[in-house]
Every structure is written in structure tokens, then in C-alpha cells.
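Report on one structure; see the data block that follows.
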Amino acid sequence: MSLANKPIRNFTVALAALLFAGSAVAFSLDSDVPITVKANSARLDDSKGVATYTGNVLLTQGATELTADRVILYRDTNGLRRIEATGQPAHYRQPARDGQGETDARALNITYSAPESRLTFEREAVIEQNGNLFRGDIIHYDSVDRVVTAEGSASNDNGNGRVEMVIQPRSSQNRQDSDGSSQGQ
């Protein structure tokens, strides 16, 4: 790896650690906790394995929730494969594993792919966690490898077409060494 690429790689790793440190996996299909969906109307096409929910949709699993105008669930013989949500915007909220803070994300389109363990936020995507902010036209989050990638918009309709990040400084009182002990001043 060239020295020119090393700062970018380190920044990407640091960004992923800041935004998703302690985040739980999106919707866990291995969980004993069921996924519950509430909406104004629903249509199930059992032969195709497609359920469409419209109007004030609330999808929950434990403390993780997705709210949208419309949600489509795709199932096959292995269970739930894909969730597609649209809204003005659709919202995704998930508490951190350690109970400190939550991930709050919104976009016009949110997709969860179970086989890839990936959340994709498209069009006006914003992810916030503990004061940190990540904004782009498309944001992908691989929940297994904990890798975040983002793209700015091709047009200038929604800003300047670039990715924006705001990373809060760590308080010297709350910093911890890798062994979990607090650093003293």
C-alpha cells in the first residue's frame, strides 16, 4: 500500500469504528425475537413470498425499529431475505449493544439484505450516532464486517454532491485504553 493511501484507509476504519461502534446487527434472523409489522394496510402474496405494508408502517424487532410509508418484505424457504422501505424519509433506529446511545438513520429508501447482512440508505441519507453524523446520497453498511461506504450525489440537486462527516472529539474524561481502563490526566 502506498503512503498516499494509508491515511484514507485509516480514516475509513476510524469512521466505521466511530459510527457503528457497539452497534448491533441490523435485523437478526437468528434471533428468538420476532419481527413485528404494523401498518394501515397489508397485502400478502404467499405464492411469491412478498408482503407489502402501506401507511404509517412500523417494523420492530426488540428495540430496533424501522418506520416508513411503505415496506415490502421478501421471503423464501430460508425465511426473510430482504426488506425495502420508502418514506419521506424512512427512519431506522437501533440501540447500541452497550446501551449507550443509538443509531438514528434516515433516507428516502432503506434496504436490508439478509444474505449480505447489509443496510443500504439511498437518497438524502443521513446516519447519526452519539453526535457523529454521516451524510451522502448512498450509504452502505456491512453489519458483519462493519464497513461503511458512501457516495455523494451525481447531481447537485441535494447539496454539493459530496459526502459529509461530522466526528465529535472524544472527551479526555471518557477515553478508554484498549484494555477498557480509563486514562487519567
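Of all residues in segment 159-173, at least one satisfies being of a type in the set (K, R), modelled with pLDDT of 75 or more and under 20 Å from the mean Cα position of the chain (by Cα).
Looking at A107, A85, A125, A114, can you tell me which residue is in contact with a Leu (Cβ under 7 Å, 6 or more places away or on another chain), under 22 Å from S153 (Cβ atoms) and of a type in the set (G, A, S)? Show your work before the answer.
On the way: A107 fails: in contact with a Leu (Cβ under 7 Å, 6 or more places away or on another chain); A125 fails: in contact with a Leu (Cβ under 7 Å, 6 or more places away or on another chain); A114 fails: under 22 Å from S153 (Cβ atoms).
Result of the check over A107, A85, A125, A114: A85.
Examine segment 126-138 for a residue that is aliphatic (A, V, I, L, M) and closer than 19 Å to I35 by Cα, and state whether such a residue exists. No, because not a single residue in segment 126-138 is aliphatic (A, V, I, L, M) and closer than 19 Å to I35 by Cα.
State which residue is modelled with the lowest pLDDT when the search covers only segment 119-158 and only residues that are polar (S, T, N, Q) and more than 21 Å from R81 (Cβ to Cβ). Looking at residues that are polar (S, T, N, Q) and more than 21 Å from R81 (Cβ to Cβ), I get N158.
For segment 85-103, residues that are within 13 Å of the chain's Cα centre (by Cα) and at pLDDT 90 or above total 5.
Sub-8 Å Cβ pairs linking a first residue in segment 29-55 that is in contact (Cβ under 8 Å) with a residue 60 or more places away in the chain to a second residue that is in a loop (DSSP other than H, G, I, E, B) and surrounded by 13 or more Cβ atoms within 10 Å (Cβ to Cβ), at least 6 apart or interchain, are L29/A114, ordered by first then second residue.
The set of residues from segment 51-72 being surrounded by fewer than 15 Cβ atoms within 10 Å (Cβ to Cβ) and more than 19 Å from the chain's Cα centre (by Cα) comprises G55, N56. Given the criteria surrounded by fewer than 16 Cβ atoms within 10 Å (Cβ to Cβ) and of a type in the set (S, T, N, Q), does N78 qualify? Judged against the criteria, N78 is a match.
The values are calculated or read from the model by the stated rules, or taken from the named source; none is laboratory data. Being a predicted model, the structure only gives us computed values, none of them experimental. Neighbour counts run over all protein chains shown; Cβ positions are idealised from the backbone, glycine included.
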